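The values are calculated or read from the model by the stated rules, or taken from the named source; none is laboratory data. In this text, all values refer to a predicted model and were calculated from it rather than measured experimentally. Here Cβ is always computed from backbone atoms with ideal geometry, including for glycine, and neighbour counts include all displayed protein chains. The protein model used for the area step is the full one, side chains on, heavy atoms only, and it has no ligands, DNA or RNA in it. Shrake-Rupley method; radii C 1.70, N 1.55, O 1.52, S 1.80 Å.
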Amino acid sequence: MNRIIFAFIMLVVLTASTFMSVSSAVANPVASKDNEMDATYQIGQKIFSTKCASCHGSEGQGVEKFYPDPLIGDASIGELAEIIAETMPEEDPDECVGAEAEAVASFMHHQFYSEAAQIRNRPPRQALQRLTGNQLRSSLSDLYGHFANIRTDKWSERQSQHGLEANYFNGMQWKDDARKIQRIDPVIDFDFKLDGPKHADGKDAGIDGENFYIHWNGGLRVEQTGRYEIIVRSTTSFICKFGHDRNELIDNHVQSEGHDEFRRTLTLTGGRTYPIRIDFKQRKRKGETPPSSISISWIPPGGVEEIVPAKHWVPGWVPAALRLETQMPPDDRTYGFPRGISVDSAWDEAVTSAALEFANQVIDELWDDYQNRHKKDKLSREDLLRRFLRELIAVAHRVPVDSPATERIVNTAFAANKDDTDRIRHAVLLTIKSPRYLYPSLDADRSEAWQAASRVALTLHDCLPGDEWLINEINKQPSTDPNRIRSLANVFVDDARTRAKVREMFYHWLEISPTDDLRKDEELFPGFDAALVSDLRDSLNAFIDSVVWSEASDYRQLVAADWALTTPRLSKFYGDAWAPADSGETSGQTGSASNLTRTVADADAHVGVLTHPLVMAKFAHHRNSSPIHRGVFLIRHVMGRTLRPPNAAFAPLSPDLHPDLTTRQRIELQTSPESCQICHAKINPLGYSLEQFDAVGRFRQQENGKPIDATGSYTTRMDEEIRFQSARELGDYIAASEDAQSAFVSRVFQYMVKQPIAAYGTDRHETLTKQFRDSGFNIRQLLIEIAVASN
């Protein structure tokens, strides 16, 4: 096995030569003719050479003994001039001020800080990447789904189909003449006592309360990848099958006295619907009939226990789905988005574990199903298995079924093994651990149509093509025309797999996670508990869905809407601004307490996702708000600007040391030194604009008996200073800001494609941003255009 790993790693190293550099990147490292004629530029160049290069390096690369950090970032000319005038050179800051500081700033901006300089000095390229952990999980799910008939889950269906299909019978068996009730049950939470089931209106259904059978059938729709605990409570015997008809999640066929709670923990993949079937039987035990009841709850990632909401149930037949428990190691995120670049023993072992887990379900489920579907085919068992494996390999490697590579893997597996299960396991390992599967960019020998389809599927679904519909479309119309790709993307974007990835993208953008520890001081914030945080997660999820998947899909609503989505618990804790609107308009999303309802309009308390309490609580301390954390989030994630790491970590000043000061006053005191102001002059003014929201995101007018000062400012890339009086003015500015719009386009592209946007052409970012504006800032349309642009 060590030789196999070594060979695989060597193959990855060899294939690294396929890295692509940008042919159109700016290559000229010297000033343009216009700048050469510019006196200011020439003065700045001379001053830098004589007074700055000794510490910063002639190419801004840094000098270990003096200033080791390279000159990188996106500071404007004005910001650079201010820093130079106040701090450079260190031994005599007054030596370079005024016009000289501006001249040096002009030269440095052109050479190191402008967008053109960043591309020129560090040409972005499309890096050779393996599948990320999420992409591997999703790709295996689609490969499994190819044989199980992947369910197409559209947004429109999600708004209308809720609940499980239910059939109620007198007696212990399915008999049509004994069926008394046939309906869709929105949730599973019943206490039949000894009376037996009744019609939804409470009328008697003629069912014997001591002798009946219920069959629930449908699917569990999962929107987020993570660990879920499924909890079934029942006083009556039942069998619950999950994922596949052969997989019994809970077998309580023989009810044990006193054992009426059953818990199972599963890792489920976002954007998938898992089939579930429950056979529930009430009968006498030892001459007695106990009261009958059943409920199905869950604890989703970052949530609390609740009855599984109706929106997560899908009625009727649902195809089998892969259940993958293997946990993949974290992917590299140093560039601000997850990338599959590391190949180490932990990752290799996880891939092997995932491949073996997948192989076991192929053996136990897909192969048996395949044989049943092809009983009438006049093939020997061996020939049928060969055909099955060729099809599996062909889909995984995106090649024709009869390709030599496919036949080679099958022949190898058959030659090395006598038993069918070993042949399947061997073939699956060779297929999944092949660079052809793990490195999708190694597609040079595949058709251009297949390469394009793979990129669209990875961009929007985060997985390799496995959908039979897509495979048929590629074979039917093998085209790489942008309009053809746009047509495919238009279908792909309205899919649960895309929605799951988009939600993960927003979590990444907002820096929130189900594992965040949001606990606050219980004395200061009574009631801010796990249940309330769970409602906040539901509220934020539903708000993002309501904006992104609406017809307008307007980015400006995302960052500046004057409403949110609320539950009774949130209304009680957060006050009037979180009361339901008079219209009673709902989001169509079911929360832990009731339907999430649109709040009243309040332009001060609601500024889109920027002031949502979950986001505000994340960027806050245990007892107080944190303008620094909020400012860093806004400058980096929302405005798309760069910040250098702090020189040293430091703890915030304790409120106990300065009880008479507000949070803002303490931050101003702590960050007042000039060395701090280089960064905090950018960070603090943005963070202060959110000071009307406390550590749990509750709107306030005072702190320590003093009025809140929420004035703030932002200096654009063009040195224009924008001032705000409140979070509302900040949100309105961000909605209209070219800096923020451009940053949003870049962040969405990089998360979806997992490559730097400039690697696809120095004008790609500008083109996509213009398309975004022309579309009315339509986020869905942006996703489609990104899928086209990535080709």
*Once Lys and Arg get +1 and Asp and Glu get -1 on their Cβ, which of TRP549, GLY631, ALA496 lies farthest toward the positive end of the dipole of the chain?*
ALA496
*Please give the contour-minus-distance gain from ARG122 to ASP368: 0.36 nm per residue of separation, less the Cα-Cα distance, rounded to one decimal in nm.*
83.2 nm
*Compactness of segment 177-262 - radius of gyration and Dmax, Cα, Å*: 14.8, 43
*Ranked from the most accessible area to the least, with a 1.4 Å probe and all protein chains present, what is the order of LYS476, LYS51, LYS376?*
LYS376, LYS476, LYS51
*Wrap a convex hull around the Cα atoms of segment 206-246, take a quarter of its surface area, and give that in square nanometres.*
4.7
*Which percent of the accessible area of the chain is formed by carbon and sulfur heavy atoms (probe 1.4 angstrom)?*
50
*For the chain, calculate the relative contact order in percent as a whole number, restricting contacts to Cα pairs under 8 Å that are 6 or more residues apart.*
12
*Where the centre of each part is set by its Cα atoms, how far does segment 523-572 sit from segment 472-521, in angstrom?*
21
_For segment 475-528: accessible area per residue (Å², 1.4 Å)_ = 48
*Taking the chain as the region of interest, what is the percent of Cα-Cα pairs per 10 angstrom bin, listed from the shortest bin to the one with the maximum distance?*
2, 12, 19, 22, 20, 14, 7, 3, 1, 0, 0
*Going out from 0 in 10 Å bins, what whole percent of all Cα-Cα distances in segment 294-380 drops into each bin?*
12, 23, 29, 26, 9, 1
*For segment 69-215, what is one quarter of the convex hull surface built on the Cα atoms, given in nm²?*
20.2
*Which far-off residues, 5 or more places away or on another chain, put their amide H under 5 Å from the one on ASP462, with H placed in the peptide plane?*
none
*So what does the Cα-only Debye profile of segment 437-502 read at q = 0.24 Å⁻¹, as log10 I(q)/I(0), no solvent term?*
-1.10
*Return the Cα extents of segment 373-520 along principal axes one, two and three, sorted largest first, each rounded to a whole Å.*
62, 45, 32
*Just going by the charge dipole of segment 443-495, with Lys and Arg at +1 and Asp and Glu at -1 on Cβ, which of ALA449, ASN472, PRO482 is farthest out on the positive end?*
PRO482
*Any chance you could list P(r) for segment 136-220, counting all Cα-Cα pairs in 10 angstrom bins from zero, rounded to whole %?*
15, 36, 24, 18, 8, 0
*asked:* Can you give me the distance in nm between label points at ASP245 and ASN167, each placed 7 Å from the Cα along the Cα-to-Cβ direction?
replied: 1.2
*Calculate one ³J(HN,Hα) per residue across segment 598-607 by plugging θ = phi - 60° into the Karplus curve 6.51 cos²θ - 1.76 cosθ + 1.60, and present them in order as whole Hz with x for glycine and proline.*
5, 7, 4, 6, 8, 5, 7, 7, 10, 10
*Mind putting a number on the dipole of segment 531-579 about its Cα centre? Charges go on the C-beta only, +1 for Lys and Arg and -1 for Asp and Glu, and I need it in Debye to the nearest 20.*
200
_Separation of alpha-carbon centers, segment 42-76 and segment 662-685, rounded to whole Å_ = 26
*Mind jotting down the distance between the C-alpha centroids of segment 193-237 and segment 711-766, whole Å?*
50
*For ARG125, list long-range residues whose amide hydrogen, built 1.01 Å from N in the peptide plane, is under 5 Å from its own amide hydrogen.*
none
*Amide H partners (placed H, <5 Å) of SER713, local residues excluded*: LEU686, PHE724
*Using only the Cα atoms of segment 485-643, what do you get for the radius of gyration and for Dmax, in Å?*
16.2, 56
_Please compute the Kirkwood hydrodynamic radius over segment 297-445, one decimal place, Å, based on all pairs of different Cα atoms._
18.1
*Value of [θ]222 nm, deg cm²/dmol, for the chain, DSSP H segments ≥ 4, -39500 (n - 2.57) each, nearest 500*: -12000 deg cm²/dmol
_Descending Cα extents along the principal axes, segment 473-575, whole Å_ = 65, 28, 20
*Could you state the angle between the C-alpha long axis of helix 98-108 and the longest principal axis of the C-alpha atoms of the chain, as a value from 0 to 90 degrees rounded to the nearest 10?*
40
*the chain, dipole about Cα centre (Lys/Arg Cβ +1, Asp/Glu Cβ -1), debye to the nearest 20*: 2960
*Based on the Cβ-Cβ distance from ASP377 to ASN411, what FRET efficiency comes out when R0 is 25 Å, to the nearest 0.05?*
0.75
*Farthest toward positive dipole pole in segment 97-139 [+1 Lys/Arg, -1 Asp/Glu at C-beta], among GLN129, ALA105, ILE119*: GLN129
*Take the Cα radius of gyration of segment 60-140 and divide it by 2.2 N^0.38 Å, with N its residue count; two decimals is plenty.*
1.62
_For PHE337, net neighbour charge (Lys/Arg +1, Asp/Glu -1) across residues whose Cβ lies under 10 Å away_ = +2
*May I have the convex hull volume per residue, in Å³, for the Cα set of segment 672-721?*
107
*List, in order, the whole-Hz ³J(HN,Hα) value for each residue of segment 356-361 obtained from phi through the Karplus relation with A = 6.51, B = -1.76, C = 1.60 and θ = phi - 60°; use x for Gly and Pro.*
5, 5, 4, 4, 5, 6
